[in-house]
1. Which ones in region 9-51 are part of a loop (DSSP other than H, G, I, E, B), open to solvent by less than 70 Å² (accessible area, probe 1.4 Å) and free of Cβ contacts under 8 Å to residues at least 40 places away in the same chain?
2. Within region 173-194, can you find the residues that are free of Cβ contacts under 8 Å to residues at least 24 places away in the same chain and outside any helix (DSSP H, G or I)?
3. Before we move on, is residue 200 part of a loop (DSSP other than H, G, I, E, B) and over 36 Å from the mean Cα position of the chain (by Cα)?
4. Please determine whether any residue of region 447-464 is open to solvent by 60 Å² or more (accessible area, probe 1.4 Å), assigned to a helix (DSSP H, G or I), touching a Phe, Trp or Tyr at 6+ places or on another chain (Cβ under 7 Å) and hydrophobic (A, V, I, L, M, F, W, C).
5. Scan region 150-163 residue by residue and report those that are at pLDDT 85 or above and either assigned to a loop (DSSP other than H, G, I, E, B) or closer than 18 Å to residue 335 by Cβ (or both).
6. Taking residue 340 as the residue in question, decide whether it is in contact with a strand residue (DSSP E or B) (Cβ under 6 Å, 6 or more places away or on another chain) and small (Gly, Ala, Ser).
7. Give me a count of the residues in region 123-134 that are outside any loop (DSSP other than H, G, I, E, B) and under 27 Å from residue 180 (Cα atoms).
Amino acid sequence: SGELQLKTTLWELVVYAIFLADLSILTFGMVSTDMYYLNKAMSRLFVEPEDGTRGFASIGSRDDFWRFAEGPLLDGLYWDKWHNNTTLALQHNSSHIYYENLLLGVPQIRQLKVRNNTCSIYPYFHTLLEDCYGDYRYRAEDRSAFGLKNESQWKYTAASSLSPWYWGSRGVYSSGGYKFTLPESKEETVEKLAFLRQNGWLTRGTRAVFIDFSTYNANINLFCIIKLVVEFPATGGALTSSHIYSVKLLRYVTYYDYFLAACEIAFCLFVVTFIIQKARNIVELKKEYFRSVWNWLDLLLLVVSILAIAFNIYRTVQVSLLMEELLSDAHVYPDFYFLAFWQVLYNNMIAVNIFFAWIKIFKYISFNKTMTQLSSTLSRCAKEIIGFAIMFFIIFFAYAQLGYLVFGSQVEEFSTFQNCLFTQFRIVLGDFNFETIEAANRILGPIYFITFVFFVFFILLNMFVAIVNHTYAEVKADFAVIPSQELQIRDLFRRGCNKALVKLKLKKPEMDTKPADESLERKRTKKFIRSIHLLRTQTQSQLRAMSPPQSFSNRKAAKASSRAAPSQGCVAVFVCSRLFRYTARLAKELNNINAQLKRIKKRM
């Protein structure tokens with residue numbers, strides 16, 4: 001029955017709310033505001049110093065790289081003095097950045113090179129140019145020894161199978177290369193960097209240099225993994241990028257961490273229960289199960305949850321193994337970037353999971369009239385929106401190609417086709433820089449901007465709003481005559497509360513109120529009967545108004561006049577259409593009254 005279905009839906013909503021609360025606690029337990037402040041502190045120290053010195057972001061050439069490596073980099077890595085310039089006694093020859101962040105192991109610097117003659121020179125320039133170093137590609141990578149050829153920094157080291165590749169601004173770089181680690185003392189590091197600079201460690205074929213190191217802050221139990229990347233494209237100059245990840249790799253330290261562990265166990269139990277439930281549904285419904293969008297969403301949540309559980313176990317094991325390796329030899333570089341990279345992917349996966357988990361709530365609150373109207377509006381206008389989207393993106397991509405070809409070589413926001421798409425979305429939202437477009441092309445710039453705003457913003461977006469608004473008005477009119485389930489939910493809660501109070505002996509059984517309820521129901525029944533008579537009377541009056549009685553002679557004259565004046569057929573069509581609309585509205589109202597009468601009979 002309907003009441004049983006309503007109870008089942010409410011019970012599933014309560015269970016899912018507990019699951020969602022558990023998932024939210026786990027998700028927000030992985031992050032904290034300390035991560036942001038730690039990242040900001042490291043960025044101010046290495047990337048963009050606030051004391052006016054030239055930091056990592058100011059590197060524009062190979063000389064600037066050596067200037068940064070022998071200056072701000074060493075000053076940030078090796079803290080051997082207090083704020084009053086007194087000497088700091090290092091514990092176990094370990095540096096403490098900002099006096100709080102322990103430098104784990106030693107930093108590592110590596111570079112990737114390309115071979116000579118990896119690009120083609122036009123024949124006219126063969127006498128002027130002998131060497132040609134193209135953009136970085138894995139197949140064009142130089143793996144031969146160079147320079148002094150006696151140590152690791154002069155010999156190529158193959159990439160590890162577990163280390164992820166790096167996606168930079170000018171290419172995707174492998175995890176191999178020419179590597180070396182920095183000594184533990186600042187003086188030895190200065191000598192080593194000066195030696196490499198004087199012997200030409202950076203060459204014309206160098207395409208990327210990576211600086212990697214990791215720190216640990218015991219005060220907040222956070223690892224900070226830092227990767228500074230300098231790309232030397234074939235065009236000359238240098239491009240910098242930095243990635244600073246603050247992650248919590250040691251999970252179970254405080255009492256709150258053990259509470260999160262209990263939540264993780266509960267999460268696993270929920271996932272196992274949902275797997276069994278969905279397996280039964282698939283066996284019972286078979287192909288019918290996969291025709292619902294909500295069922296596909298359930299399967300997506302289960303898959304992501306299983307992946308999260310598997311990765312959590314894998315990460316815990318890997319962290320323990322890596323910590324053992326670090327403690328055994330403090331003179332090596334600990335590759336925490338591998339764990340940080342996958343930890344960030346795990347966080348993103350959990351973020352997507354909890355996003356869809358919140359969206360799934362709409363499945364259980366469909367009995368709410370407003371929510372049902374919104375979902376019905378979107379489903380009813382889906383075809384019209386798809387047709388509109390095709391037209392919208394045809395115009396949108398046409399303008400994107402125009403902007404890329406006209407402004408691509410002058411304006412950074414149009415330097416790539418992807419940037420053109422994002423820039424146009426920003427223009428729609430009102431975030432644009434008209435001066436740069438006009439400076440790039442004084443004629444096509446204003447024409448591009450004005451026509452794009454006119455067609456996309458003033459026409460297409462208003463068409464989209466009109467489609468949704470028109471569909472919503474139709475859905476709202478339809479739902480106005482459909483009985484709502486909200487009253488049933490209120491009655492169900494009211495009866496449940498009364499039963500609970502009676503069992504707890506906080507309220508007497510409602511024996512005397514039954515006659516009053518029956519009289520109230522009789523009054524409601526009489527009211528509905530009156531409304532039925534009123535509707536019947538209105539219908540009869542409408543029919544008399546639209547088709548007045550005529551005598552035989554009048555009908556004969558009307559027939560002759562209809563032959564002489566065909567325009568009267570339009571009036572007949574109008575009358576029929578008006579009668580059809582009124583009949584449909586009347587049928588909806590009668591259905592509503594019929595449903596309410598059935599509920600009254602059940603209560604009696």
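The values are calculated or read from the model by the stated rules, or taken from the named source; none is laboratory data. Bear in mind the structure is a predicted one, so any value in this text is a computation, not a measurement. Neighbour counts are summed over all protein chains in view; Cβ atoms, including those assigned to glycine, are modelled from backbone coordinates with ideal geometry. For accessibility, only protein heavy atoms count, side chains too; no ligands or nucleic acids. Shrake-Rupley method; radii C 1.70, N 1.55, O 1.52, S 1.80 Å.
1. Residue satisfying the conditions is 49 alone.
2. 175
3. In short, yes.
4. yes
5. Within region 150-163, 153, 155, 156, 157, 158 qualify.
6. yes
7. Adding up the residues that qualify gives 0.
Residues checked against (1) touching a His at 6+ places or on another chain (Cβ under 6 Å); (2) assigned to a helix (DSSP H, G or I); (3) open to solvent by 80 Å² or more (accessible area, probe 1.4 Å); (4) of a type in the set (Gly, Ala, Ser):
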site	(1), (2), (3), (4)
332	no, no, no, no
346	no, yes, no, no
353	no, yes, no, no
376	no, yes, no, yes
